[in-house]
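These notes are about the structure you will find just below.
Read-outs: derived from the displayed coordinates by stated rules, not from any lab. Because the structure is predicted, anything quoted here is derived from the model rather than measured. Using ideal geometry, Cβ is built from the backbone for each residue, glycine included, and neighbour counts are taken over all protein chains shown.
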Amino acid sequence: MIIEILKSKIHRATVTQAELSYVGSITIDEDLMDAANIIAYEKVQIVNNNNGERFETYVIKGERGSGIICLNGAAARLVQVGDIIIIMSYAQMDMEAGRNYEPIAVFPDANNKL
């Protein structure tokens with residue numbers, strides 16, 4: 001049996017920008033991406049702690065060290081700058097591998113730095 005399991009998450013990142021006129025996605029500081037083992041164009045789920053919104057999009061690399069967390073396109077309507085979000089990625093694996101897998105959790109500071 002194949003299951004979907006949490007692969008990694010960036011827990012309590014602060015939204016720094018929301019760009020409605022941009023083609024949809026989330027731009028994430030490349031340092032945070034590396035720490036969470038998330039790659040460009042990977043599908044992620046976003047949970048907004050401020051308003052309860054949950055949605056999916058894909059990742060675009062942001063400038064390394066910038067602290068950028070920017071929701072683009074339609075997703076920009078689901079956040080406000082300053083909102084606290086959780087960014088989660090998932091992987092598929094067999095049940096036995098899933099029993100032993102430990103997700104990566106990244107806890108950035110208020111400026112989205114490691």
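Label reach from His11 (point 7 Å along Cα→C-beta): in segment 24-48, amide nitrogens under 20 Å belong to 29, 31-39, 44-48.
Only residues of segment 82-108 count here: report those whose backbone N is under 13 Å from the spot 7 Å along Cα→Cβ of Ile3, or say none. Residues 91-103 fall inside that zone.
Each label point was placed 7 Å from the Cα along the Cα-to-Cβ direction; for Ala110 and Met95 their separation is 4.7 nm.
When all alpha carbon pairs of segment 1-49 are counted in 10 Å bins from zero, the resulting P(r) reads 19, 54, 22, 5, 0 %. Beta bridges per DSSP, both residues in segment 17-114: antiparallel share near 65 percent. Annotation: amide H-H contacts under 5 Å for Tyr22 (H modelled 1.01 Å from N, sequence separation of 5 or more, or interchain): Gly73. Binning all Cα-Cα separations of the chain at 5 Å, short to long from zero, yields these whole-percent fractions: 2, 13, 24, 25, 18, 9, 6, 3, 0.
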